[in-house]
Amino acid sequence: MTLTAGVPREPVRGWRKVPEGLSARVPAEQRGPGRGRDDVRLLVSRGTAVAHHAFRELPGLLRAGDVLVVNTSPTLAAAVDGRVGHARVAVHFSTRGDDGRWAVELREPDGAGTSRARAGGPAGSRVRLPGGVRMTLEEPLVRGGGRLWWARVSPGGVVPGLLREYGRPIRYSYTERDQPLSVYQTVFALPSGDGSGSAEMPSAARPFTSALVTELVSRGVQFAPVTLHTGVASAEVHEPPYPERFAVPEASALLIGAVRTGGGRVIAVGTTAVRAVESAADADGVVRARAGWTDLVVTPARGVRVVDGLLTGLHEPEASHLLMLEAVAGRAAIERGYDEALDARYLWHEFGDLHLILPEESPDTLHCFGN
């Protein structure tokens with residue numbers, strides 16, 4: 001199975017580069033005594049109007065009748081050391097295919113996070129992994145080549161156990177040090193029966209705590225769980241997302257439909273949740289129970305059919321995720337929000353601050369970002 005990547009995104013001209021000093025190097029709870037996961041800042045955009053909040057204020061920013069779409073995919077310890085000949089490599093296990101193969105990426109270990117991609121292939125290349133496991137690269141994930149390859153692991157079915165015993169979470173050099181896998185699990189993560197999960201954390205949900213979820217429920221906010229197993233991101237060239245496995249269960253599809261009918265807002269927690277729910281929507285915006293692979297890339301031209309708002313991290317100017325943000329809120333709103341985030345020195349990346357994008361508040365545009 002060879003797949004085709006989505007739509008590339010050109011860097012936004014005139015957008016300011018994110019200074020290195022604004023990378024969140026450690027999780028919020030490690031930045032000082034008495035701090036918790038929810039000790040991050042929250043930038044709130046309603047059109048081009050911007051406000052600053054603490055993430056703990058989220059319940060007061062939502063309404064009874066709103067639904068938060070959350071991704072339940074668990075994060076895997078997806079990085080494993082290996083060898084190609086005499087050379088050391090780090091193998092990132094990205095996505096499990098339907099035929100038992102895995103999409104993988106080879107990177108050069110550098111002692112500061114595996115931050116430099118290594119050229120994959122050629123076909124037939126073999127990688128030695130811990131525990132006597134062998135891996136053979138078979139074909140590029142995307143026609144024409146690229147950094148991700150479909151690989152066959154021998155003995156078959158061993159990857160979940162390999163990751164549990166020898167794996168560690170994927171990290172990049174902007175973080176300070178390796179972290180235990182528990183740091184990368186969100187409160188919504190559920191174990192999968194077949195060992196599938198996300199190579200990289202669905203990070204928009206990371207600041208949620210059980211106490212915050214309880215408060216949201218007590219205020220009438222509902223939750224619609226979906227699953228999208230995120231693959232390995234590109235730290236170098238900000239490629240668009242590759243096809244990923246997703247599932248929207250019947251109960252969540254019905255809940256989202258009921259909320260939309262009742263005048264509530266559908267707010268996705270993370271770009272992964274947007275991709276899942278929009279992949280399950282018909283052209284008229286009705287969400288159906290669906291599961292499989294999605295190659296959907298949400299762009300301003302395509303628009304959104306279900307989502308009214310989005311809670312997400314902060315993305316670099318070249319990131320393809322910004323196309324999705326522009327589809328939800330419009331370019332002017334995103335540019336204004338990002339200028340404000342840079343001026344106020346918000347923190348970027350998976351341990352950083354968050355951005356809540358809501359519809360403009362006016363009586364005649366309550367669903368101006370819906371279908």
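The values are calculated or read from the model by the stated rules, or taken from the named source; none is laboratory data. Remember, it's a predicted structure, so these values are computed and weren't measured experimentally. Glycine gets a Cβ as well: all are built from the backbone with ideal geometry, and neighbour counts include every protein chain shown. Protein only, heavy atoms only, side chains kept; ligands, DNA and RNA dropped before computing areas. Shrake-Rupley method; radii C 1.70, N 1.55, O 1.52, S 1.80 Å.
When you go through 257, 263 one by one, which is the residue that is in contact with a strand residue (DSSP E or B) (Cβ under 8 Å, 6 or more places away or on another chain), more than 28 Å from residue 98 (Cα to Cα) and either open to solvent by 30 Å² or more (accessible area, probe 1.4 Å) or part of a helix (DSSP H, G or I) (or both)?
Step by step, each of 257, 263 is checked, and only 257 is in contact with a strand residue (DSSP E or B) (Cβ under 8 Å, 6 or more places away or on another chain), more than 28 Å from residue 98 (Cα to Cα) and either open to solvent by 30 Å² or more (accessible area, probe 1.4 Å) or part of a helix (DSSP H, G or I) (or both).
Out of 296, 310, report the one residue that is modelled with pLDDT of 95 or more, closer than 19 Å to residue 228 by Cβ and not in a helix (DSSP H, G or I).
On inspection, the qualifying residue turns out to be 310.
State yes or no: is residue 24 touching a Gly at 6+ places or on another chain (Cβ under 8 Å), modelled with pLDDT under 85 and buried (at least 17 other Cβ atoms within 10 Å of the Cβ)?
no
Tally up the residues in the range 273-286 that are open to solvent by less than 20 Å² (accessible area, probe 1.4 Å) and either part of a strand (DSSP E or B) or within 18 Å of residue 243 (Cβ to Cβ) (or both), please.
Count: 8.
Can you say whether residue 323 is outside any loop (DSSP other than H, G, I, E, B) and in contact with a Lys or Arg (Cβ under 6 Å, 6 or more places away or on another chain), as far as the supplied structure shows?
yes
With respect to residue 25, determine if the residue is part of a loop (DSSP other than H, G, I, E, B) and in contact (Cβ under 8 Å) with a residue 12 or more places away in the chain.
So residue 25 fits the description; yes.
Scanning the range 294-329 for residues that are under 30 Å from residue 254 (Cβ atoms) and small (Gly, Ala, Ser), which turns out most open to solvent (accessible area, probe 1.4 Å)?
Taking the candidates together, the pick is 301.
Filter the range 40-61 down to the residues that are buried (at least 22 other Cβ atoms within 10 Å of the Cβ) and of a type in the set (A, V, I, L, M), then identify the one that is nearest to residue 356 (Cα to Cα).
58
Quick check on the range 77-106: of everything there that is open to solvent by less than 40 Å² (accessible area, probe 1.4 Å), touching a Gly at 6+ places or on another chain (Cβ under 7 Å) and small (Gly, Ala, Ser), which residue is farthest from residue 151 (Cα to Cα)?
77
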